[in-house]
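The values are calculated or read from the model by the stated rules, or taken from the named source; none is laboratory data. Predicted model only: the values in this text are computed from it and were never measured. So basically every Cβ, Gly included, is an ideal-geometry build from the backbone, and we count neighbours across all protein chains shown. The accessibility values were calculated without ligands, DNA or RNA, using every heavy atom of the protein model including side chains. Shrake-Rupley method; radii C 1.70, N 1.55, O 1.52, S 1.80 Å.
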Amino acid sequence: MSFKIGIIGLGYVGLPLAALFAEKYPVIGFDIDSRKIKSLQNGIDPNQLSDQHQLTNPNLHFGNEIHDLEDCTHLIITIPTDIDAQNKPDLGPLKKATEMVGGILKKGMTIVFESTVYPGLTEEICIPILEQKSGLIWKKDFFVGYSPERINPGDHKRPVASILKIVAGDTPATLTDLSNVYGAVITAGIYEAPSIKIAEAAKVIENAQRDLNIAFVNELALIFDRMGIDTREVLKAAGTKCRL
Ligand SMILES: NC(=O)c1ccc[n+]([C@@H]2O[C@H](COP(=O)([O-])OP(=O)(O)OC[C@H]3O[C@@H](n4cnc5c(N)ncnc54)[C@H](O)[C@@H]3O)[C@@H](O)[C@H]2O)c1
């Protein structure tokens, strides 16, 4: 079977992923930002993460017309999941994008969510929207997966292909399919999570752990500064522990 991948949301996560998939499959990148689409069609990444050579790959097309994605086999949603002024998750953009996808969903398609979400969101919020908008039945007519993006913001040394990719599926067949689809481009390999909720939760604790580390080192830097100690030298010395 031949695959065609649609990526919805061409930001820090979606665009490098689209460029990577285009090395193996036909890809359509979709974004609601028409200025961004125009720039990408001219081979220019506004975030300067992907180079012109990658963006002008003949396998890769960009558009802001959702119907262009109708003949895709796999649609991957990489939409922002920010928080609002009350620190509550702002699910507006993700719900909107899921509604758009529901409007073009066809039998046999697989939808993958890559946005960072709380455990349960894919199954409790997104799948009901897909069913309602499409009139199709989950796990009979269409399938769903989750694969968290794990790139570290600002880390140019470790692009998406070089980071072990967690994938999860709603059925064993979806899991195998997604392992194969992602495995063809992710050189670091694939980790098959036992469920969508486990993959969602794994990503959440990765982020929480990173935030704790950053907060801890910031506190140490303040303390060492007051004590007249060079924090970088402390970290260099302490870091030798991982060589033991
Ligand atoms: N940036 C990172 O390093 C990083 C790392 C890991 C995970 N994530 C997660 O990945 C997700 C995406 O983050 P990002 O940093 O790529 O976001 P981003 O803000 O860089 O890009 C999101 C893109 O989605 C587009 N968009 C918004 N609504 C849309 C819609 N309805 N249809 C189509 N396009 C739409 C925007 O125009 C924008 O181009 C978030 O859940 C984030 O938490 C980000």
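Quick notes on this structure:
- Largest-first ordering by accessible area, 1.4 Å probe, given options 227, 109, 1: 1, 227, 109
- Ellipsoid equivalent to the range 41-80 - semi-axes via the Cα gyration tensor, in Å: 20, 13, 10
- Note on residue 32 and residue 125: with the Förster distance fixed at 30 Å, the Cβ-Cβ geometry gives a FRET efficiency of about 0.95.
- Taking all protein chains into account, the per residue accessible area for the chain stands at 55 Å² (1.4 Å probe).
- Considering only 60, 222, 121, the mean-square fluctuation computed in a Gaussian network model of the chain, springs between alpha carbons under 10 angstrom, is largest for 222.
- Computed 3J(HN,Hα) for the range 180-187, one whole-Hz value per residue from the Karplus formula 6.51 cos²θ - 1.76 cosθ + 1.60 where θ = phi - 60°, is 5, 4, 6, x, 6, 10, 8, 5, glycine and proline marked x.
- Eigen-decomposition of the gyration tensor built on the alpha-carbon atoms of the range 1-71 gives equivalent ellipsoid semi-axes of 17, 14, 10 angstrom, largest listed first.
- Gain upon complete extension [residue 139, residue 206; 0.36 nm per residue less C-alpha separation]: 21.2 nm
- Model label sites at residue 65 and residue 227, defined 7 Å from Cα along the beta-carbon direction, differ in position by 6.4 nm.
- Accessible area (Å², 1.4 Å probe, nearest 10) - residue 192: 90
- For residue 112, residues with placed amide H under 5 Å, excluding near neighbours: 75, 76, 77, 145
- Residue among 205, 163, 151 with the largest mean-square fluctuation in a Gaussian network model of the chain, springs linking Cα atoms under 10 Å: 205
- Restriction of the trypsin sites (Lys or Arg not before Pro) in the range 1-79 to DSSP coil positions whose beta-carbon has at most 13 other beta-carbons within 10 angstrom yields 24.
- Theoretical FRET efficiency, 1/(1+(r/R0)^6), r = Cβ-Cβ of residue 132 and residue 180, R0 51 Å, to 0.05: 0.95
- Vicinal HN-Hα couplings computed from phi for the range 212-220 (Karplus, 6.51 cos²θ - 1.76 cosθ + 1.60; Hz; Gly/Pro x): 5, 4, 5, 4, 4, 5, 4, 4, 4
- For the chain: span of alpha carbons on each principal axis (Å, largest first): 64, 39, 39
- The chain, accessible surface, carbon-and-sulfur percent (1.4 angstrom probe): 55
- Each residue, residue 238 and residue 87, gets one label point 7 Å from its Cα in the Cβ direction; the gap between the two is 2.4 nm.
- The GNM of the chain, with springs linking C-alpha atoms under 10 angstrom apart, assigns the highest mean-square fluctuation among 42, 207, 87 to 87.
- Length-normalised contact order of the range 5-207 in % [C-alpha pairs under 8 Å, at least 6 apart]: 17
- The range 154-244 - convex hull of alpha carbons, volume per residue in Å³: 130
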